[in-house]
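Chemist: One structure follows; several queries about it will come next.
Coordinate-derived values only; no laboratory data. Owing to the predicted nature of the structure, the values given are computational and were not obtained by experimental measurement. Note: ideal-geometry Cβ built from the backbone for every residue, glycine included; neighbour counts use all protein chains shown.
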Amino acid sequence: MSADQRLNDLGVELPEAPAPAGVYKPIVVTGNMAYVSGHGPLKTDGSMTTGRVGTETDLEGGKESARQTGLAILATLKANLGSLDRVKRVVKVLGMVNAAPDFKDHPQVINGCSELFGEVWGPENGIGARSAVGMGSLPGNITTEIEVIFELA
Amino acid sequence: MSADQRLNDLGVELPEAPAPAGVYKPIVVTGNMAYVSGHGPLKTDGSMTTGRVGTETDLEGGKESARQTGLAILATLKANLGSLDRVKRVVKVLGMVNAAPDFKDHPQVINGCSELFGEVWGPENGIGARSAVGMGSLPGNITTEIEVIFELA
Amino acid sequence: MSADQRLNDLGVELPEAPAPAGVYKPIVVTGNMAYVSGHGPLKTDGSMTTGRVGTETDLEGGKESARQTGLAILATLKANLGSLDRVKRVVKVLGMVNAAPDFKDHPQVINGCSELFGEVWGPENGIGARSAVGMGSLPGNITTEIEVIFELA
């Protein structure tokens, strides 16, 4: 089954592919590697999930934000590559959490994105290397920002 | 027009290529990819721009720091590659801002570097994928630190 | 002399290769590049070094944590590649320090990992490009988290 089909079967709605909020490209392809810019949790209404995990929102809110961030990344991939089946595998995820200084569960937050990718590309190709860490602040106080390196088929 | 010529036309002065402040190389080339270490806003007098954005300096100070950080990266490229024309394109920028916890405009800060790269290599090749995020702290309290992956010609 | 032999001569004991603490792989190899996930300072008793540098621990404690983090990375490499001699060179290190907001010596902390890599693969191949920066928080309040890109032979 194709990744596009799997996404369809999840019954989720992608946001519009996000426009850059600065001087950058959402994705750069070089050779068979695609470098995807840090994405935020863009929703289908065009707004972003905001709030610091541990004070303004909790672990579940953070994980939901990470999944939404993953959906924004999928939107960028579809808009720029045409199909999610162009992706051979997830290579590396940098999951950045807008977290309180004493927050400890960053991996569980970023799992919201990683589980989505696993659902779309499967447990072998959809799961990559990863860091999940706490930032001092994020643009517009968004809850999560995630950048990814994909290998293309 | 060459990138070296464009830099010349900007009328800016590069700092000396920065010496490592630890156990690392300023740049590593593997295949046609150049990985440039996190650089700080090194000035021509050898000092660094310091201060947290949102408390010790403001958005404009941060953006100026990001541009200066870009100039330090250009100095490293010239010293190690001989010419900025060795760069085919900017692939990925990680722009790290020493920001107050409630700061929100990280993309606008890092634009100071990205706009410089656009001036040097043009809007297509000079603009890459990017993340622009807020750190808890940076070495020596520098205002910005930026690392970049370049594709070489 | 081989890297495995050099590690042996150091007389250090590696921890068990760490199991993932979330939905990710410890290492992904694509082409001749190995992307290693963010690792923490896993000790041979299975515990992690914790505490923020500048408040709960000091520079020396941070540097020791970074070295321990490097040992955990070596354990992952050996478990997944069979031998440290599969590594041709260190390409890029992202050294993340759980640091107080006014901490300034991140490079000296991450040197604990970089010096270890230099001992194992030598000063040319063991030392790569690097960023050493301060995070707002890290999973489980670990003192350091480090991710690395290696080129394989």
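Chemist: Quick check: anything in segment B:97-111 within 7 Å of another protein chain (Cβ to nearest Cβ), in contact with a Pro (Cβ under 7 Å, 6 or more places away or on another chain) and surrounded by 24 or more Cβ atoms within 10 Å (Cβ to Cβ)?
Modeler: The answer is yes; a qualifying residue exists.
Chemist: Taking only segment C:6-33 into account, find how many residues are within 9 Å of chain A (Cβ to nearest Cβ) and outside any loop (DSSP other than H, G, I, E, B).
Modeler: 4
Chemist: Which one is nearest to the chain's Cα centre (by Cα) among residues in segment C:40-69 that are among the charged types (D, E, K, R) and over 17 Å from C:Pro107 (Cβ atoms)?
Modeler: C:Lys43
Chemist: Sticking with this structure for a sec: How about segment C:81-153: which strands (runs of 3 or more DSSP E) wholly inside it have at least 3 residues that are touching a residue at least 40 places away in the same chain (Cβ under 8 Å) and farther than 23 Å from A:Lys104 by Cβ?
Modeler: Fully inside segment C:81-153 and qualifying: C:87-98, C:144-152.
Chemist: A:Met48 - would you say it is within 8 Å of chain C (Cβ to nearest Cβ) and in contact with a strand residue (DSSP E or B) (Cβ under 9 Å, 6 or more places away or on another chain)?
Modeler: no
Chemist: Considering only segment B:122-141, state which residues are surrounded by fewer than 23 Cβ atoms within 10 Å (Cβ to Cβ) and either over 20 Å from B:Thr76 (Cα atoms) or more than 7 Å from chain A (Cβ to nearest Cβ) (or both).
Modeler: Matches in segment B:122-141: B:Gly122, B:Pro123, B:Glu124, B:Asn125, B:Gly126, B:Gly140, B:Asn141.
Chemist: When only residues in segment A:1-56 that are in contact (Cβ under 8 Å) with a residue 24 or more places away in the chain and of a type in the set (Lys, Arg) count, which is surrounded by the most Cβ atoms within 10 Å (Cβ to Cβ)?
Modeler: Per the stated criteria, the residue is A:Arg52.
Chemist: Which of the residues belonging to segment B:77-90 are buried (at least 23 other Cβ atoms within 10 Å of the Cβ) and more than 14 Å from chain A (Cβ to nearest Cβ)?
Modeler: B:Leu77
Chemist: Let me ask something else. Just wondering, is there one or more residues in segment C:57-73 that are part of a loop (DSSP other than H, G, I, E, B) and touching a residue at least 24 places away in the same chain (Cβ under 8 Å)?
Modeler: no
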